[in-house]
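One structure below.
The values are calculated or read from the model by the stated rules, or taken from the named source; none is laboratory data. Treat the numbers as computed from the prediction; the structure is a model and nothing was measured. Because the Cβ atoms are built from the backbone with ideal geometry, glycine has one as well, and the counts that use them run over all protein chains shown.
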Amino acid sequence: MRKTAKAAVTATCAVVTSIAALAASAFEGVWKVKDTTGHPFEITLSSDGAAKATRGEGMTGTWKEEGNSAVITWNTGWTTKITKEGDRYIKAAYGKGQSLTATPTNTSEAEKAE
């Protein structure tokens, strides 16, 4: 009976983990933000972990959810965080090699478009 109970708990955990992995993140979608000079652009975060931005240099990268933030690692070496703060979202950009604990190079409001 003990083995049966253990197997049932293990199976239940596997199912819950699978369902959680399939659940959409609140960060998935298109975000309207501003760059370091105040020009608007969009960041798209896909369910497969891919990220892209509508910037002239064609920024692409990957993202993952960390707590109340989406952390985006770009092909340019920059990192962007979109963080939920209360009922709003803030974008923080960090230059190449800059620590995410440092003061960001740029911040702006982040608004989910889709």
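Each row is one residue, and each column tells you yes or no for (1) in contact with a strand residue (DSSP E or B) (Cβ under 7 Å, 6 or more places away or on another chain); (2) surrounded by 14 or more Cβ atoms within 10 Å (Cβ to Cβ); (3) among the acidic types (Asp, Glu); (4) free of Cβ contacts under 8 Å to residues at least 12 places away in the same chain.
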site	(1), (2), (3), (4)
Thr73	yes, yes, no, no
Trp78	yes, yes, no, no
Thr83	yes, yes, no, no
Gly86	no, no, no, yes
Lys96	no, no, no, no
Glu109	yes, no, yes, no
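Residue by residue, here is whether (1) in contact with a Gly (Cβ under 9 Å, 6 or more places away or on another chain); (2) among the acidic types (Asp, Glu) holds:
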site: Ser25; (1), (2): no, no
site: Gly29; (1), (2): no, no
site: Lys34; (1), (2): no, no
site: Gly38; (1), (2): no, no
site: Glu42; (1), (2): no, yes
site: Asp48; (1), (2): no, yes
site: Thr54; (1), (2): no, no
site: Lys64; (1), (2): yes, no
site: Ala70; (1), (2): no, no
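If you filter segment 18-38 down to residues that are small (Gly, Ala, Ser) and either under 16 Å from the mean Cα position of the chain (by Cα) or not in a loop (DSSP other than H, G, I, E, B) (or both), you find that the one that is modelled with the highest pLDDT is Gly29.
Looking only at segment 31-58, residues that are within 15 Å of Val71 (Cα to Cα), out of contact with any Lys or Arg (no Cβ under 7 Å at 6 or more places or on another chain) and surrounded by 15 or more Cβ atoms within 10 Å (Cβ to Cβ) come to 5 in all.
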